[in-house]
1. Out of all the residues in segment 435-478, which are in contact with a Phe, Trp or Tyr (Cβ under 8 Å, 6 or more places away or on another chain) and among the acidic types (Asp, Glu)?
2. Just checking, does segment 405-414 include any residue being among the hydroxyl-bearing types (Ser, Thr, Tyr) and either touching a Gly at 6+ places or on another chain (Cβ under 7 Å) or free of Cβ contacts under 8 Å to residues at least 40 places away in the same chain (or both)?
3. Tell me yes or no: at least one residue of segment 167-188 is open to solvent by less than 20 Å² (accessible area, probe 1.4 Å) and farther than 26 Å from residue 60 by Cα.
4. Please pick out the residue among 363, 368, 373, 377 that is buried (at least 20 other Cβ atoms within 10 Å of the Cβ) and more than 22 Å from the chain's Cα centre (by Cα).
5. Determine whether residue 426 is farther than 18 Å from residue 153 by Cα, at pLDDT below 85 and touching a Ser or Thr at 6+ places or on another chain (Cβ under 9 Å).
6. Quick check on my filter: what residues within segment 120-166 are more than 19 Å from the chain's Cα centre (by Cα) and either in a helix (DSSP H, G or I) or within 27 Å of residue 364 (Cβ to Cβ) (or both)?
7. Residues of segment 120-145 being surrounded by fewer than 24 Cβ atoms within 10 Å (Cβ to Cβ) and under 17 Å from residue 67 (Cα atoms), which ones?
Amino acid sequence: MYASREDIGYDFGDESKAGSKPIKPNPNIDGGWAWMIVLSSFLVHILIMGSQMALGILNMEWLEEFNQSRGLTAWVSSLSMGITLIVGPFIGLFISMCGCRKTAIIGGILNALGWILSAYASNVHYLFLTFGVTAGVGSGMVYLPAVVMVGQYFQKRRALAQGLSTTGTGFGAFLMTALLKYLCTEFGWRNAMFIQGAISLNLCVCGALMRPLFHVVSEKHVRSNSEDNQAKGLSHSAETIKSNGVLNEEPEKREEATNEEVHDSVQHIEMGGKSRIGRSMYGLRILKTVSQLTVTVRKGFAIWYSSYFGAASLFTNRVFVAFIIWALFAYSSFVIPFIHLPEIVKQYNLSRQNNVFPLTSIIAIVHIFGKVILGIISDLPCISTWNVFLMANFTLVTCILTLPLMQTYVTLAVVCALIGFSSGYFSLMPVVTEDLVGTKHLANAYGIIICANGISALLGPPFAGWIYDMTHKYDFSFYISGLLYMVGIIFLLIQPCIQKKQPREKSTEEAQV
């Protein structure tokens, strides 16, 4: 069922120059510093995704503070979660130009700034800008590099590494919920956001751990070339200086310099010449830095532009386009239960049992194990990651469609546990994306996927609330979202079959000729 890049006839030419130079395998791949990358990504998921899962605590505080409608206040959290994912394609441009490390560090500063500025909010609209947009963009600038770096450092155990790193979402949901609840109780919500902003500065540390992956041979080659260029530049500048006569000591001046005044004047001239040389060298360094920055920006933009709009555009891959359509419907089916389950429990008079062990907590706990277990299964040599991904999706959509039929706490708990486990396929999304487009285009491709997820997260819950206002039931919200989710899965099933069928038709035509 899985279609690789060779099967679908889609190749970006990632290894076009691989055979030109002998390259040794990097010891950090699948080991060494790779596990520090997993730790960094794990902490990023705790600080970003975990804190976003705990925004219900702050949402209650904002309702009491600003006395606005629930719908308007809820847009603050929706904007933050949605923009974190929607900005993915634009963050891919930053990664192409600056790299993952610099992008993540800048994003950490921006995210912390959004939290701190939100502590001084005077109304909900102020929070739209500071928390929804500023903190959301900062979160996106850290989240995408955290996922991309794990994909670059792992090959054999890629699914397991992604599963371990993304378990930070579940752990963060518990930690950040308890932390924000304690801070709001002890210090108030404004001071709590200020403290959380200070904690978010640790995202810069996580970004600093994202060391670029270099090959040993190419690195030595670059160093030798840079040393040769520096030596040539210094010799060339020395020859230029001598030809200009700045440091050239003429014999006639040496003979005439018989007193101290003449000697002092000569020293003054030499010092002036050296200062002019220093200024010229400083200017050359600035010019060189600016030129290198211009080349980097142009090269990064060219890669980003060609990935989206060039001849080798990502959108020419039909399986990837089907993957985007699936992402537009999938994420809302996971978010809607988190938002509307408390109301469903209240309608069924199950609040007492739910207070003992909330259904959303069951989803979060089992979600952690689902990511790890599905990652281990996908890394087995006899198992296809694509098939595991599809089976998890089928299980999740079945649970979404049957959840409204469950009216007891036990049956709801079983369905919620299955939702949590099957939604562990989120850890497989970067792996499937990389199998479709390659490591070189992973940042841009995965940026598009999480952008589609962001749109789904932004529009899904309000759509479900609108359906409830019309029907006064949550049943239709789950049915409609489940059916749309099924449409996305059907697109994933159809496209690989079409792509595999086309080469066979061409081969039969060639045989007839």
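The values are calculated or read from the model by the stated rules, or taken from the named source; none is laboratory data. What you see is a predicted model, and the numbers here were worked out from it, not measured in a lab. Because the Cβ atoms are built from the backbone with ideal geometry, glycine has one as well, and the counts that use them run over all protein chains shown. Keep in mind that these areas ignore ligands, DNA and RNA; they rest on the heavy atoms of the full protein, side chains included. Shrake-Rupley method; radii C 1.70, N 1.55, O 1.52, S 1.80 Å.
1. Hit for segment 435-478 is 435, nothing else.
2. yes
3. Yes, the conditions are met somewhere in segment 167-188.
4. 363
5. yes
6. 124, 125, 126, 127, 128, 129, 130, 157
7. 120, 121, 122, 123, 124, 125, 126, 128
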